[in-house]
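To keep things clear, I will list the structure first and then write my remarks on it.
The values are calculated or read from the model by the stated rules, or taken from the named source; none is laboratory data. Values in this document were obtained by computation on a predicted structure and should not be read as measured data. Cβ placement follows ideal geometry from the backbone for every residue including glycine, while neighbour counts extend to all protein chains displayed. Accessible surface areas use protein heavy atoms only, side chains included; no ligands, DNA or RNA. Shrake-Rupley method; radii C 1.70, N 1.55, O 1.52, S 1.80 Å.
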Amino acid sequence: MSHQDHFIQELKRALIEKRDQIRGNINLELNDVKQTEGHHLADMEDLASETLDESTAYHIIELEQAELSQIVRALQLIEEGDYGKCEECQEPINMERLRALPFATLCIECKKEAERKARD
């Protein structure tokens, strides 16, 4: 097994672990929201606090689902043999970038260009 293959397998294990952790977090958050929905509160202050907590929980779930989608996509690319290749320019993504952000699909240059276009 080449150094590159070993590196990808290492990242695959980390991605699977992170995927499972996020799925568990999402399930916990959803269970917490379901439990608080059944409570009847005595005053408006408690109701406002519970609504804010629910809103925060849903926001966290939304962020975790977005990260989960990126992880699932990276795992799919690994299985297809296309992992580590920039989806824009098709050049290899720097290993340090993948180590820091294992679900990156763009090289640094293409990511900078995409962000520049988004700002304009």
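Filter segment 27-66 down to residues that are part of a helix (DSSP H, G or I) and touching an Asp or Glu at 6+ places or on another chain (Cβ under 7 Å) and give me whichever is modelled with the lowest pLDDT.
The selected residue is Thr36.
Restricting segment 105-116 to residues that are free of Cβ contacts under 8 Å to residues at least 24 places away in the same chain and crowded, with 17+ Cβ neighbours inside 10 Å leaves a set whose member that is farthest from Gln90 (Cα to Cα) is Lys111.
Screening Gln90 with (1) open to solvent by 80 Å² or more (accessible area, probe 1.4 Å); (2) at negative phi; (3) not β-branched (Val, Ile, Thr) gives one miss only, at (2). Any residue in segment 90-104 that is of a type in the set (S, T, N, Q) sitting within a Cβ distance under 7 Å of a residue that is open to solvent by less than 100 Å² (accessible area, probe 1.4 Å) and not in a loop (DSSP other than H, G, I, E, B)? List the pairs, counting only those 6 or more apart or interchain. Note: pairs meeting the criteria are Asn94/Ile108.
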